[in-house]
Amino acid sequence: MKNRRKARENAIKILYQLEMSGYSPEECIRIYWEGQDEKEEVKDYSNYIVRGVSANIKDIDEKIQSLSKNWILDRMHKVDKAILRLSAFELLFIEDVPFKVAIDEAIELAKKFGTEESKKFINGILDKFYKKFVTNKKSD
């Protein structure tokens with residue numbers, strides 16, 4: 001699953017670019033991959049995540065916001081928000097990503113791209129997210 005980890009890392013970068021630039025998802029995808037040499041499998045999964053998050057962003061954000069009592073979504077660290085969105089999308093819409101993998105991958109992304117507090121914050125939100133929105137949809 002090394003390719004999926006790389007794909008998630010790329011998707012985080014594209015989701016961050018999307019948040020910061022105001023460009024459309026397709027523009028961000030196109031701009032991001034210009035001049036980059038990457039396996040098609042990695043590109044495809046990254047793009048699938050970005051498009052999926054974008055298509056479902058209102059629902060994903062509402063669910064995340066309902067669980068983050070002390071943080072308004074707009075005030076969250078943008079990288080943390082991108083990681084939460086990616087993981088929420090995987091938990092809700094990708095059948096072959098078990099809960100534990102989604103959490104572990106999110107924590108690894110937080111370690112690499114987030115702040116010192118990111119991994120704990122993301123772990124807490126995703127644990128609640130799974131219990132409230134996913135448990136009836138998937139088994140571990």
**Label-reachable residues, the stretch 30-68, where backbone N falls under 17 Å from a point 7 Å from residue 19's Cα toward its Cβ** = 49-68
**Request:** Quickly work out the residue 51-to-residue 65 label distance, labels modelled 7 Å from Cα along the C-beta direction, and quote it in nm with one decimal.
**Result:** 2.7
**Fill in**
Most packed first (mean Cβ within 10 Å per residue), the peptides 79-88, 19-28, 100-109, 51-60 order as 79-88, 100-109, 51-60, 19-28
**Span per principal axis, largest first, for the Cα atoms of the chain (Å)** = 40, 32, 28
**Complete:** GNM on the chain, Cα springs under 10 Å; top mean-square fluctuation among 13, 128, 43 goes to 128
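Size of the dipole of the stretch 2-134 about the Cα centre, Lys and Arg at +1 and Asp and Glu at -1 on the beta carbon, nothing else charged, in debye to 20?
500
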**Message:** Over 32 Å between Cα atoms: which of 39/81; 43/69; 2/69; 39/69; 39/132; 39/131 fall into that group?
**Reply:** 43/69; 2/69; 39/69; 39/132; 39/131
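Each reported figure results from applying straightforward, stated rules to the coordinates on display, with no laboratory input. These numbers come from a predicted model, not from an experiment. Methodologically, a virtual Cβ is constructed for each residue, glycine included, from the backbone with ideal geometry; neighbour enumeration extends over all protein chains shown.
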